[in-house]
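Asks: One structure is given below, represented as structure tokens, and several questions about it will come after.
The values are calculated or read from the model by the stated rules, or taken from the named source; none is laboratory data. Quick caveat: nothing in here was measured; it's all calculated off a predicted structure. Positions of Cβ are generated from backbone atoms using ideal geometry, with glycine treated the same way; all protein chains shown enter the neighbour counts.
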Amino acid sequence: MEVVIEIKNLKKSFGDIGILKGINLTVKKGENVVILGKSGSGKSVTIKCIAGLLTQDEGSLKVFGEEIKDLKEDELKALRCRIGFLFQSAALYDSMTVRDNLIFPLKRVLKIKDNALIESRCIEVLEAVGLADAIDKMPSDLSGGMRKRMGLARTLIVKPEIILYDEPTTGLDTITSKEISNLMLQIQKKYQATSVIITHDIPCSSITADRVLIIDDGVFIAEGTHEELENSQDDYIRSFFK
């Protein structure tokens, strides 16, 4: 199966503080990979490097076979069009309606001018996340779960091949978290998207993960299915699943 993300000995520091200390990761097309770890262990830095939002200090990071650090600005912009990033806060434009939040990346990123196509794309992604009736609402009118769904809709609107999820269920109640997790699984199947999901939410990992990696102090210390790691003989690894 095609490899879409390949990371070798990746290192990243901020000043004298080392965050990533030599991580290795291969992600195949259509796979959902979950990264678990404590706060400050390097989860967010990893996906920001994958998206080209941060540049590594050492090592290799290839996305679709392209070495990220070697790309020119226009090449990096083109690559980012193939990557969706769902931020913790959903990062919606509060002054725009749901419709206008979706139209913005279509016009700004994809340069689409066909109004009929724009409208059909908006309706398609809102139906995919169960928000078709909210198209003319403002973000302030949406609940926390609806904002997460809306953030996912805006991520999907450009039809990314890779989706990076930054704590997708943070701040949600148990029932809504489960709904979002199941929605992420549906998105994977419907759009054949490859996903890297960072989370503290063990039920989310259980629902979404094809494979789980545990990061600790800037390196991956364990890898396997959710069930394999949950039943690990290592007390520290098993502690993540309690």
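Asks: Scanning for something hydrophobic (A, V, I, L, M, F, W, C) and either more than 18 Å from the chain's Cα centre (by Cα) or under 19 Å from V158 (Cα atoms) (or both), does the stretch 35-46 turn up at least one residue? Lay out the reasoning, then the answer.
Replies: Applying the first criterion (hydrophobic (A, V, I, L, M, F, W, C)) to the stretch 35-46 yields 35-36, 45.
From what's left, either more than 18 Å from the chain's Cα centre (by Cα) or under 19 Å from V158 (Cα atoms) (or both): none.
So far as the stretch 35-46 goes, no, none of its residues is hydrophobic (A, V, I, L, M, F, W, C) and either more than 18 Å from the chain's Cα centre (by Cα) or under 19 Å from V158 (Cα atoms) (or both).
Asks: Taking the options G30, G59, G40, name whichever one is in contact with a Leu (Cβ under 6 Å, 6 or more places away or on another chain) and either modelled with pLDDT of 95 or more or within 19 Å of I198 (Cα to Cα) (or both).
Replies: On the way: G30 fails: in contact with a Leu (Cβ under 6 Å, 6 or more places away or on another chain); G40 fails: in contact with a Leu (Cβ under 6 Å, 6 or more places away or on another chain).
Only one candidate qualifies: G59.
Asks: Quick one: which residue in L152, L126, L142 is surrounded by fewer than 20 Cβ atoms within 10 Å (Cβ to Cβ), within 29 Å of K111 (Cβ to Cβ) and not charged (D, E, K, R)?
Replies: Details: L152 fails: surrounded by fewer than 20 Cβ atoms within 10 Å (Cβ to Cβ); L126 fails: surrounded by fewer than 20 Cβ atoms within 10 Å (Cβ to Cβ).
Exactly one of L152, L126, L142 is surrounded by fewer than 20 Cβ atoms within 10 Å (Cβ to Cβ), within 29 Å of K111 (Cβ to Cβ) and not charged (D, E, K, R), namely L142.
Asks: With the condition kept exactly as written, say whether any residue in the stretch 166-184 is outside any helix (DSSP H, G or I), more than 22 Å from I103 (Cβ to Cβ) and small (G, A, S). Full working, then the answer.
Replies: Keep residues of the stretch 166-184 that are outside any helix (DSSP H, G or I), which gives 166-173.
Imposing the further condition that a residue be more than 22 Å from I103 (Cβ to Cβ) reduces the set to 166-173.
Checking which are small (G, A, S) leaves us with 171.
Looking through the stretch 166-184, at least one residue is outside any helix (DSSP H, G or I), more than 22 Å from I103 (Cβ to Cβ) and small (G, A, S).
Asks: Another question, then. Would you mind finding the one in E75, E58, E6, E31 that is acidic (D, E), in contact with a strand residue (DSSP E or B) (Cβ under 9 Å, 6 or more places away or on another chain), closer than 25 Å to L106 by Cβ and not assigned by TED's automatic domain parsing to the domain that holds L142? Please lay out each step first, then the result.
Replies: Details: E58 fails: closer than 25 Å to L106 by Cβ; E6 fails: closer than 25 Å to L106 by Cβ; E31 fails: closer than 25 Å to L106 by Cβ.
After applying the criteria, what remains is E75.
Asks: Take the stretch 122-161 and flag every residue that is touching a helix residue (DSSP H, G or I) at 6+ places or on another chain (Cβ under 8 Å), within 30 Å of E2 (Cβ to Cβ) and of a type in the set (V, I, T).
Replies: Across the stretch 122-161, the qualifying residues are V125, V129, I157, V158.
Asks: Are there any pairs, at least 6 apart or on different chains, whose C-beta atoms fall under 8 Å, with the first in the stretch 112-141 and among the β-branched types (V, I, T) and the second in a loop (DSSP other than H, G, I, E, B), and if so, which?
Replies: I118/I112; I123/I135; V125/I157; I135/T97
Asks: Could you check how many residues of the stretch 129-175 are modelled with pLDDT under 90, within 28 Å of I50 (Cα to Cα) and among the β-branched types (V, I, T)?
Replies: Residues that pass the stated criteria total 6.
Asks: Take the conditions under 29 Å from A78 (Cβ atoms), assigned by TED's automatic domain parsing to the domain that holds V34, assigned to a helix (DSSP H, G or I) and not polar (S, T, N, Q) and apply them to K189. Does it pass? Spell out how you get there, then give the answer.
Replies: On the way: under 29 Å from A78 (Cβ atoms): yes; assigned by TED's automatic domain parsing to the domain that holds V34: yes; assigned to a helix (DSSP H, G or I): yes; not polar (S, T, N, Q): yes.
For K189, the condition - under 29 Å from A78 (Cβ atoms), assigned by TED's automatic domain parsing to the domain that holds V34, assigned to a helix (DSSP H, G or I) and not polar (S, T, N, Q) - is met.
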